[in-house]
Amino acid sequence: MPGKPKLAIITNNLNALGGGERLSLEIASRVRDSFDVSVLNPVSRLDRATISTEELKGRFNLKGVELVDVNAWSFMARSFGSDRYVFRIPTPKGMATMMDAMRRCDVVYQTSLNPLTLFIAATAARSYGKKFVLGVHNFSVSKAIKGEGGAKQRALSAMFLKALGMVGYFHVTNTRDQGLLRQRFPKAHVELIYNFITRRARAQRTNRRDFIVFYAGRLESQKGVDLLCEAIAKTVERNDRIKFHIAGSGGDCEQLVRGTAHRYPRNVKWFGFVFGKRLEALYKGASLFVLPSRSETFSISLLEAQSYGMPALAFDVDGPKDMIRNGFQGELIPQFDVDGLVDGIVAQYNLWSAGRPFDANRRRIAAFVNRNYSPSVIIPKIKRLLMP
């Protein structure tokens with residue numbers, strides 16, 4: 001009887017554990033009943049780790065999943081307003097490790113959108129005759145296709161687009177990326193499959209002591225954290241009973257968040273990088289989620305917040321438009337309108353103060369999100385896409 005097909009997942013550095021890395025591990029843990037899974041983790045001495053490999057194994061259900069470190073060189077560059085390592089290439093030893101894993105697998109699923117890694121992996125998959133699926137879980141593809149950024153960014157995008165042209169299958173999580181890729185690469189198979197809730201949740205009893213506005217994610221200007229800090233200052237001036245909790249680290253806005261928390265110690269708490277039960281506790285205690293991103297795909301943090309029943313405010317950009325399409329889930333604010341964001345926060349505070357209507361809406365939000373974005377709905381679609 002033939003065994004399960006072998007799946008290799010290529011990520012960014014897992015030990016930094018951003019949203020894309022979390023999603024990669026969640027997918028790995030949930031498809032292992034149908035695949036033999038290996039996760040290739042490019043790491044270099046320049047990378048900053050926020051979580052150890054042992055903690056990863058404890059946080060995610062990775063029994064039977066092989067985690068393989070791929071030694072890499074990284075070069076720091078400025079991209080889309082924040083400092084990040086955008087150039088990453090395996091060392092000779094790392095290349096040998098990566099090639100061996102790809103020779104042994106039947107399907108490659110890459111969630112890293114690093115141009116050099118993508119070019120190497122797509123070339124190897126083609127030469128070995130492997131099915132290659134690219135998971136588009138950040139804004140890089142849309143930026144490259146639209147030709148946004150300066151001269152250096154456009155030069156990087158040209159290499160990125162050449163690598164994208166070698167991809168036969170795309171997994172996208174929003175209608176923007178679906179449309180752009182179908183138009184640019186009409187021969188490729190582009191499948192829209194939304195993200196899924198990664199932890200069991202239900203509507204929580206409303207925190208009646210404090211109205212807490214919650215943000216979770218990297219502290220980057222691309223994520224709109226600078227706009228959030230501006231909104232915090234204006235909100236506190238209008239209503240100093242509203243509180244803000246911020247979870248996250250890294251990026252060009254970290255010092256700005258630190259300064260905002262220092263300036264408003266009664267209203268703002270910054271928790272740094274958190275995960276697991278501590279993160280769940282922050283979700284459960286919050287009243288309103290904010291997603292001030294300038295560009296998004298299909299935010300896992302927003303999805304999880306809504307699975308606990310939290311209404312959400314986000315700017316009217318691609319990504320959130322695919323998520324907040326029912327009025328009761330929250331509100332889409334005109335793009336980058338900080339005053340509009342403040343108005344939305346104060347309006348939600350007033351609903352919270354009214355009591356019952358706010359509580360009933362939380363239950364409706366949690367029921368809707370848990371019904372439509374559960375793993376039982378989404379994972380079978382991903383498995384079908386990944387089958388060789």
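For the reader, a short list of remarks on this structure follows.
- Taken over the stretch 27-54, the criterion of being free of Cβ contacts under 8 Å to residues at least 60 places away in the same chain, within 21 Å of the chain's Cα centre (by Cα) and either in a helix (DSSP H, G or I) or outside the structural domain of THR117 (by TED's automatic domain parsing) (or both) is satisfied by ALA28, SER29, THR53.
- Residue, nearest to ARG30 (Cα to Cα), within the stretch 183-233, restricted to residues that are in contact (Cβ under 8 Å) with a residue 60 or more places away in the chain and among the small types (Gly, Ala, Ser): ALA201
- Only one of the listed residues (GLN329, GLN306) is surrounded by fewer than 22 Cβ atoms within 10 Å (Cβ to Cβ), more than 19 Å from LEU227 (Cβ to Cβ) and at pLDDT 90 or above. That residue is GLN329.
- Residue in the stretch 177-191 that is under 22 Å from PRO334 (Cα atoms), charged (D, E, K, R) and buried (at least 21 other Cβ atoms within 10 Å of the Cβ) present: yes
- Residue in the stretch 188-197 that is modelled with pLDDT of 95 or more and over 22 Å from ILE379 (Cβ atoms) present: yes
- Total residues in the stretch 247-282, condition farther than 13 Å from ILE212 by Cβ, in contact with a Phe, Trp or Tyr (Cβ under 7 Å, 6 or more places away or on another chain) and in a loop (DSSP other than H, G, I, E, B): 2
- Restricting the stretch 157-175 to residues that are crowded, with 18+ Cβ neighbours inside 10 Å and farther than 19 Å from LYS381 by Cβ leaves a set whose member that is modelled with the highest pLDDT is LEU164.
- A count restricted to the stretch 262-280 and to residues that are out of contact with any Lys or Arg (no Cβ under 9 Å at 6 or more places or on another chain), modelled with pLDDT of 95 or more and either of a type in the set (Lys, Arg) or not assigned by TED's automatic domain parsing to the domain that holds ASP240 (or both) stands at 1.
- Single residue of the stretch 366-388 satisfying the filter (hydroxyl-bearing (Ser, Thr, Tyr) and touching a residue at least 12 places away in the same chain (Cβ under 8 Å)) that is surrounded by the fewest Cβ atoms within 10 Å (Cβ to Cβ): SER374
- Complete set of residues in the stretch 14-33 that are surrounded by 17 or more Cβ atoms within 10 Å (Cβ to Cβ) and at pLDDT 85 or above: GLU21, ARG22, LEU23, SER24, LEU25, GLU26, ILE27, ALA28, SER29, ARG30, VAL31, ARG32
- Among the residues of the stretch 103-146, the one identified as in a helix (DSSP H, G or I), crowded, with 23+ Cβ neighbours inside 10 Å and over 25 Å from the mean Cα position of the chain (by Cα) is ALA125.
- Listing of helices (runs of 4 or more DSSP H) fully contained in the stretch 335-388 that carry 1 or more residues being modelled with pLDDT of 95 or more: 338-354, 375-386
The values are calculated or read from the model by the stated rules, or taken from the named source; none is laboratory data. The structure displayed is predicted, hence computed values, not measured ones. FYI the Cβ positions are ideal-geometry reconstructions off the backbone, even for glycines, and counts take in every protein chain you see.
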